[in-house]
Amino acid sequence: MNIVRESPSVPAHSTTWNAVIAVVIFFAAHFALLVGVTTPDKFYFDEVHYVPAARQMLEPVPSAPRLNPMHPPLAKQLIALSIRSFGDNPLGWRYPGVMFGSLAIVAMYFCGLALFAAQGPAVASALLAFFNQMVFVQSRIAMLDIFALAFGLFAIASFMHGFRKPRPQLWFGLTGLACGLAMACKWSGSFVLATCIVIVAVIRLMQGWRTRFADGNADDWFRPGLWPDFRATHFAVCFVLVPAVVYLATFVPLDGWSISDLIEAQRRIFGDNTTTAIAGHTYMSAWPSWPFLLRPVWYLFDKIGDDRIAAVVLLGNPLVLWPALPALAVCLRDWVVTRRADAFLILSFYAGPYLAWALLPRTLGFLYYYLPSATFAGLALVYLLRRGNSPRWLLWAFVAVAFAGFAAMLPISAAFVGTSMATFNRLMIFQNWI
């Protein structure tokens with residue numbers, strides 16, 4: 001089954017036009033995310049962990065013990081920089097999330113360009129990422145996940161852009177750079193790097209076996225002649241050396257050049273990410289349940305009047321994330337039956353950051369761990385809705401439906417909106433969402 005590529009009014013390779021669209025997307029997302037971001041004017045959910053850790057970094061001589069040692073420092077350093085710039089207040093705590101949430105939407109635009117080579121589907125990809133609700137909520141709270149997401153999506157966009165090029169060294173090097181920054185925010189950022197390494201390793205293995213498809217064509221995910229000049233040394237530099245150097249460099253402002261302190265920092269992070277001895281949590285959920293949105297995470301639920309509440313729930317937009325599941329199944333079918341490279345890349349970067357959680361022994365999981373895969377799943381919907389001879393309006397009709405779902409959820413996505421208990425009860429379709 002062939003996919004009809006749209007003919008954009010301006011060629012997809014027009015760097016200037018793509019940059020203009022990216023800037024427009026950034027400022028539109030930035031404005032939307034910034035409105036009401038200072039509500040509530042107190043810590044909520046995991047801000048109680050990350051903002052004090054950022055404050056500690058601003059002390060002339062940081063006090064002991066180090067706060068929040070179980071995560072790498074970069075995202076907290078960015079929050080600290082914002083506090084220094086905007087003050088120790090809700091705007092200072094949360095503005096970096098707004099910035100990187102906007103960048104994550106831009107990165108989705110670039111992912112769409114790399115996959116579909118057309119600006120319309122790329123813009124639709126960015127809109128679906130924004131309307132999936134998770135990015136909106138996670139961009140307006142001082143947590144680490146949005147930073148790792150933004151860097152990870154730029155890494156994916158770079159990798160996919162280089163995937164079809166005979167000399168992908170520069171693009172794969174940029175992938176390693178972005179992956180190093182993602183890991184320096186949160187170790188789960190390494191899942192994108194691991195996915196890239198597996199893809200390259202599988203392709204090189206098949207080339208070593210001299211694998212060929214009898215009716216091979218340029219749209220195949222594997223070709224014997226792919227990356228003829230990409231050597232083992234290039235692989236080591238792009239996917240090992242560059243991310244490692246970038247990652248370790250973020251520890252220098254805290255630990256200096258002390259090797260022992262650096263090793264101890266990694267030991268603490270490793271212990272936290274692999275331990276099974278973690279107490280339960282009201283909103284914990286297991287990784288198999290995340291695609292079905294069975295158990296959301298309530299970040300805030302405050303009574304602000306006789307019949308008014310301020311609520312923030314990370315749930316995801318069911319009108320986006322549930323239809324994404326059959327769209328992913330179509331991608332799987334097309335990868336197996338027609339060997340399409342775009343279907344293969346969508347599946348790889350959805351499944352890699354998601355299924356990696358199944359390999360970790362930790363028992364505590366939350367729906368927001370699904371954020372990277374949930375965001376990337378929008379590309380599967382774009383793929384499905386422009387597949388074959390589907391009319392162009394169908395994709396934009398679905399974007400409109402996604403916006404309707406996003407708007408309906410706004411009272412429980414943004415605390416400044418507020419809502420009544422009656423509206424809250426209507427939105428809570430299932431008992432386990434409460």
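The C-beta contact set for the range 337-365 (first residue without any contact (Cβ under 8 Å) to a residue 12 or more places away in the chain, second residue surrounded by 15 or more Cβ atoms within 10 Å (Cβ to Cβ) and among the β-branched types (Val, Ile, Thr), distance under 6 angstrom, 6+ apart or interchain) is empty. Check the range 113-121 and report whether any residue there is at pLDDT below 95, of a type in the set (Phe, Trp, Tyr) and either within 16 Å of Ala75 (Cβ to Cβ) or in a helix (DSSP H, G or I) (or both). Within the range 113-121, one or more residues are at pLDDT below 95, of a type in the set (Phe, Trp, Tyr) and either within 16 Å of Ala75 (Cβ to Cβ) or in a helix (DSSP H, G or I) (or both).
Going through (1) under 15 Å from Tyr95 (Cβ atoms); (2) open to solvent by 60 Å² or more (accessible area, probe 1.4 Å) one by one, Ala29 falls short only on (2).
Here's the yes/no breakdown for (1) of a type in the set (D, E, K, R); (2) open to solvent by less than 40 Å² (accessible area, probe 1.4 Å); (3) in contact with a Leu (Cβ under 7 Å, 6 or more places away or on another chain):
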| site | (1), (2), (3) |
| --- | --- |
| Gln138 | no, yes, yes |
| Asp145 | yes, yes, yes |
| Leu181 | no, no, yes |
| Ala184 | no, yes, yes |
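I'd like to know if the range 147-165 contains one or more residues that are crowded, with 24+ Cβ neighbours inside 10 Å, touching a Lys or Arg at 6+ places or on another chain (Cβ under 8 Å), modelled with pLDDT of 95 or more and within 28 Å of Tyr50 (Cβ to Cβ). Yes, the range 147-165 contains at least one residue that is crowded, with 24+ Cβ neighbours inside 10 Å, touching a Lys or Arg at 6+ places or on another chain (Cβ under 8 Å), modelled with pLDDT of 95 or more and within 28 Å of Tyr50 (Cβ to Cβ).
Residues of the range 413-433 that are farther than 14 Å from Arg308 by Cβ and open to solvent by 10 Å² or more (accessible area, probe 1.4 Å): Arg426, Leu427, Met428, Ile429, Phe430, Gln431, Asn432. Could you grab me the full set of residues in the range 139-164 that are polar (S, T, N, Q) and under 28 Å from Trp93 (Cα atoms)? Across the range 139-164, the qualifying residue is only Ser139. Among the residues of the range 347-397, the one identified as surrounded by 24 or more Cβ atoms within 10 Å (Cβ to Cβ) and either among the acidic types (Asp, Glu) or part of a loop (DSSP other than H, G, I, E, B) (or both) is Ala377.
Pairs meeting the criteria (first residue in the range 106-134 and open to solvent by 10 Å² or more (accessible area, probe 1.4 Å), second residue of a type in the set (Ser, Thr, Tyr) and assigned to a helix (DSSP H, G or I), beta carbons under 7 Å, at least 6 apart or on different chains) are Val123/Tyr109. Is it the case that Leu410 is over 27 Å from Phe349 (Cα atoms), open to solvent by 10 Å² or more (accessible area, probe 1.4 Å) and either free of Cβ contacts under 8 Å to residues at least 40 places away in the same chain or in a strand (DSSP E or B) (or both)? Taking the combined requirement at face value, the residue satisfies it.
Every condition in (1) closer than 30 Å to Phe270 by Cα; (2) open to solvent by 20 Å² or more (accessible area, probe 1.4 Å); (3) among the aromatic types (Phe, Trp, Tyr) holds for Trp322 except the one numbered (1).
Only one entry of Ser125, Ser139 meets the criterion of being closer than 30 Å to Ala404 by Cβ and in contact with a Cys (Cβ under 9 Å, 6 or more places away or on another chain), and that entry is Ser125.
Residues Ala201, Ala194, Ala214: which one is on the phi < 0 side of the Ramachandran plot, out of contact with any Cys (no Cβ under 8 Å at 6 or more places or on another chain), surrounded by 12 or more Cβ atoms within 10 Å (Cβ to Cβ) and without any contact (Cβ under 8 Å) to a residue 60 or more places away in the chain? Result: Ala201 is the single residue among Ala201, Ala194, Ala214 that is on the phi < 0 side of the Ramachandran plot, out of contact with any Cys (no Cβ under 8 Å at 6 or more places or on another chain), surrounded by 12 or more Cβ atoms within 10 Å (Cβ to Cβ) and without any contact (Cβ under 8 Å) to a residue 60 or more places away in the chain. For the subset of the range 92-105 comprising residues that are open to solvent by 10 Å² or more (accessible area, probe 1.4 Å) and under 12 Å from the mean Cα position of the chain (by Cα), which member is nearest to Leu379 (Cα to Cα)? For the range 92-105, the residue satisfying everything is Leu103.
If we keep just the residues of the range 226-259 that are modelled with pLDDT under 90 and part of a loop (DSSP other than H, G, I, E, B), which is surrounded by the fewest Cβ atoms within 10 Å (Cβ to Cβ)? If we take residues in the range 226-259 being modelled with pLDDT under 90 and part of a loop (DSSP other than H, G, I, E, B), then Trp257 is surrounded by the fewest Cβ atoms within 10 Å (Cβ to Cβ).
Selection of the range 59-91 for residues being at pLDDT 95 or above, open to solvent by 20 Å² or more (accessible area, probe 1.4 Å) and aliphatic (A, V, I, L, M) yields Leu74, Leu78, Leu81, Leu91. Whether a residue is farther than 27 Å from Leu293 by Cα, touching a Pro at 6+ places or on another chain (Cβ under 7 Å), free of Cβ contacts under 8 Å to residues at least 40 places away in the same chain and of a type outside the set (D, E, K, R) was assessed, and Gly162 passes this test. Scanning the range 166-176 for residues that are assigned to a loop (DSSP other than H, G, I, E, B) and open to solvent by 10 Å² or more (accessible area, probe 1.4 Å) yields Pro166, Arg167.
State whether one or more residues within the range 187-196 are modelled with pLDDT of 95 or more and under 17 Å from Ser102 (Cβ atoms). Looking for residues that are modelled with pLDDT of 95 or more and under 17 Å from Ser102 (Cβ atoms), one finds none in the range 187-196, hence no.
The values are calculated or read from the model by the stated rules, or taken from the named source; none is laboratory data. For clarity, every value in this text was computed on a predicted model and none was experimentally measured. Heads up, the Cβs are rebuilt from the backbone with ideal geometry, glycines too, and the neighbour counts pull from every protein chain shown. For accessibility, only protein heavy atoms count, side chains too; no ligands or nucleic acids. Shrake-Rupley method; radii C 1.70, N 1.55, O 1.52, S 1.80 Å.
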